[in-house]
1. So for the chain: antiparallel DSSP bridges make up what percent, rounded to the nearest 5?
2. Here are some pairs, Lys116/Lys343; Lys219/Lys331; Lys219/Lys336; which of them have Cα atoms lying more than 30 Å apart in this structure?
3. Can you give the relative contact order of region 160-257 as a percent, counting alpha carbon pairs under 8 Å and 6+ residues apart?
4. Please compute the contact order of the chain in relative form: average sequence separation of alpha-carbon pairs under 8 Å and at least six residues apart, divided by the residue count, as a percent.
5. Could you tell me the calculated FRET efficiency between Arg346 and Asn99, based on Cβ-Cβ distance and R0 = 45 angstrom, to the nearest 0.05?
6. Using the count of nearby Cβ atoms within 10 Å as a rough guide to exposure, how do Lys328, Lys178, Lys61, Lys218 rank from fewest to most?
7. What list of ³J(HN,Hα) values in whole Hz, one per residue of region 259-267 in order, does the Karplus curve 6.51 cos²θ - 1.76 cosθ + 1.60 (θ = phi - 60°) give from phi, with Gly and Pro shown as x?
8. FRET efficiency for Asn80 and Ser283, Cβ-Cβ distance as r, R0 = 30 Å, nearest 0.05?
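Taken together, the values in this text are just the output of simple stated rules run on the coordinates, not laboratory data. This one's a predicted model, so the numbers in the text were calculated from it and none came from an experiment. Every residue, glycine as well, gets a Cβ built from its backbone with ideal geometry; the counts of neighbours run over all protein chains shown.
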Amino acid sequence: MKTGLSSNLQNIIAKAMVIPFCLLLFSGNAAAQDRRPEYATLFSEGKKEEAYALAHIALLKNSDAGTASLFLGRYHFRNNQTDSAIYYFKNTLSLDKDNSWRSAWAHAELGVCLAKQGDHDAANAELWRCIELNKTKNSRAFASSRLQSVTNPYILLAKFSLKKIESDSIVYFFEKNKKLLKNAPAYVALHNSVYQSLSKEFEPVLPRKLSFYVFANKKNAEKILKRKLGYSLPENASCFSMRDQTPGHEMAHVLSYWSEGTPCKHSNKFINEGIAVYFDHTSRNKMQEARAVIDRSTSRISVTEYWNSPNAYPTITLYPIAGAFVEKLHKALDKKQFRSFIKDQRPETLKQILGDRYDQLIAEFNAELYAPE
């Protein structure tokens, strides 16, 4: 088992997990938890190597070893080293004889790791154990939310009557509806083809085979799922779709997230939805659809405003404009540049890639969007 990390990977981890770690590891009932260890403070200050070393020293010296082990588990999980993370979470459980808040979090985090590896029965058991321990409000909330999302294959099979059809790249779960199942072979063939096409674009490496849930009864599905169809859970490589949705939209969310095997570092709603719209595998003219939703009676809105404040605009407006903009980017960037950008979807990232061409590209897109009809 590897326990050392390159400085480059440590930089990635620090940026990705410093806030979540501090919130998750030291949140909840503060009175029931020990004083914040020095390595956690060092980590929050960006001193990653020192923090990592001190956590190992604490573990070896048995100085609050349970907390140190929990720290190391989360550290490895955030670096997609799931096997190492599982080792440390299980080690935390063996060290924490009193079943304290450390055990609660270790059960919850272990459940997430097991679900990522596809062992949903075991994941479900660990998450329930965290809830049953009832040590902190935040650990219970975390486990409860993951029970509904990360372990969806387990939950859904229990709550729905589904027919499983497995292909080389996708595991389909069709709601048992006569018309839906009759068309299942054609549906599978189409979506397998789309998967192959998107795979050439993104070269994804998923944590497990893509799960694709297809429903016929929209109202009933949304009642059980407690959210609107369709949507995807990229971290868990899952898509939830109505039978008549565009074939590529939700799939593009997952495959772009895992492009080249590393998860997206900075996601932006405008860009993320633009990727899904552009790669939805329909023949619709993206710029034409974007031009149809703008309000020409008011002042022009630059694409950067949609990008910086995506929640300020309705979906019916945001999505088409985002799709047209991603199309523009896809044509302007080479494959390596585009994949680099979709991993970090902030404007400053595109500025670094394009340099002096950035302002020109934004101006060109705005002009195309508002060109006279």
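1. Taking every DSSP beta bridge within the chain, about 45 percent pair in antiparallel fashion.
2. In this structure, Lys219/Lys331; Lys219/Lys336 exceed 30 Å between Cα atoms.
3. 27
4. Taking the mean separation of contacting Cα pairs over the length of the chain, I get 9 percent.
5. So the FRET efficiency works out to roughly 0.60.
6. Going from sparsest to densest Cβ surroundings: Lys178, Lys61, Lys218, Lys328.
7. 3, 6, x, 10, x, 4, 8, 10, 9
8. Efficiency at R0 = 30 Å is approximately 0.25.
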